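Student: So that we are looking at the same thing, I have put the structure below in structure tokens.
The values are calculated or read from the model by the stated rules, or taken from the named source; none is laboratory data. From a predicted model like this one, the values you see are computed outputs, not experimental measurements. Cβ placement follows ideal geometry from the backbone for every residue including glycine, while neighbour counts extend to all protein chains displayed. Ligands, DNA and RNA are excluded from the accessible area calculation, which covers all protein heavy atoms including side chains. Shrake-Rupley method; radii C 1.70, N 1.55, O 1.52, S 1.80 Å.
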Amino acid sequence: MIYDRLRDDVLAGRFPSGSPLLETVLAAQYGVSRTPVREALTRLAQDGLLKRATRGYEVRAGTPEDVLEIYEARIALEGQAAASAAERRTDLDLVRLRHLHEEASDPETAREANSRWHRALWQAAHNATIEALLTRLTAQLRIYDRTPHETPEDLALTRDEHAALLEAIADRDPSAARAAADRHLTRSRDLRLETFARVLD
């Protein structure tokens, strides 16, 4: 599906912020007609990943204020997802979370493994609406922040925070799960803002 292919390429950074995304050019690149490309561009704009430009669309560029707004929503939603996961998770959900937690021990693949871990957490909440909203919010954060900001020390902290959250979910303790998610995402927000500040200086 052209929407999925184009979305993957936008999230992978194939199209720099500010560069025009034209129907005719994209149709030729992907070997499809202009109609599905037009529909995909419209959907990606609705997802908050693209914006209308003088010529076609372009990838959105975020500001520190955008990051703050998104994290305000994400912290609330993911805190609820963590609490719901503690209440509703299945044994299979728990096995998946533990497996992905172990995968994140490799620094070379930790960033992607951590993303997969969070997606598994949302799925363990068994709330499709929250999962869809968090998917959209984290996609926006991903295109706003192309610069890796995780140091080995940060990755170690992330692993510890995930472990605390995982323990709360395993213990079916929704209050502890929500608190652990809030602490983890608050630190992640502050780290992203520090990265933004360095780039803007």
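Student: Of Pro174, Thr151, Leu141, which is farthest on the positive side of the dipole of the chain, counting Cα position, with +1 on Lys and Arg Cβ, -1 on Asp and Glu Cβ, and the Cα centre as origin?
Tutor: Sorting the options by dipole projection puts first Leu141.
Student: Tell me the relative contact order for the chain as a rounded percent, counting alpha carbon contacts under 8 Å between residues six or more apart.
Tutor: RCO, the chain: 26 percent.
Student: With all protein chains present, how much of the accessible area of region 59-143 (probe radius 1.4 Å) comes from carbon and sulfur, to the nearest whole percent?
Tutor: Carbon and sulfur atoms account for 51 percent of the accessible area of region 59-143.
Student: Show me, for region 72-78, the HN-Hα J-couplings you get by feeding each phi into the Karplus relation (A = 6.51, B = -1.76, C = 1.60, θ = phi - 60°), rounded to Hz, glycine and proline as x.
Tutor: 4, 6, 5, 4, 5, 5, 6
Student: Please say if region 6-55 is rounded, prolate or oblate, where rounded means a/c under 1.5 for a ≥ b ≥ c the square roots of the C-alpha gyration tensor eigenvalues, and otherwise the choice is prolate for a/b larger than b/c and oblate otherwise?
Tutor: rounded
Student: Nearest 500 deg cm²/dmol is fine: what mean residue ellipticity at 222 nm does the chain get from its DSSP H runs of n ≥ 4 alone, each adding -39,500 (n - 2.57), divided by its residue count?
Tutor: -24500 deg cm²/dmol
Student: Run the Debye formula on the Cα coordinates of region 92-167, all scatterers equal and no solvent, and tell me log10 I(q)/I(0) at q = 0.19, 0.21 1/Å.
Tutor: Values, matching the q order: -0.86, -1.02.
Student: Between 0 and 90 degrees, rounded to the nearest ten: what's the tilt of helix 174-200 against the longest Cα principal axis of the chain?
Tutor: So the helix axis and the longest Cα principal axis differ by about 40 degrees.
Student: Then there's this: When a/c is below 1.5 the answer is rounded, else prolate if a/b is larger than b/c, else oblate, so apply that to region 1-96 with a ≥ b ≥ c taken from the square roots of the Cα gyration tensor eigenvalues.
Tutor: Because a/c hits 1.5 or more and a/b fails to exceed b/c, region 1-96 counts as oblate.
Student: Please list the non-local residues whose amide H lies under 5 Å from the amide H of Leu50, H modeled 1.01 Å from N, same-chain partners needing a gap of 5 or more.
Tutor: Residues meeting the amide H criterion: Ala45, Arg60.
Student: Give the long-range amide H neighbours of Leu21: residues separated by 5 or more places, or on another chain, with amide H under 5 Å away, using H modelled in the peptide plane at 1.01 Å from N.
Tutor: Tyr57, Glu58
Student: If you don't mind, another one. With all pairs of different alpha carbon atoms counted, what Kirkwood hydrodynamic radius in Å does the chain show?
Tutor: 18.0 Å
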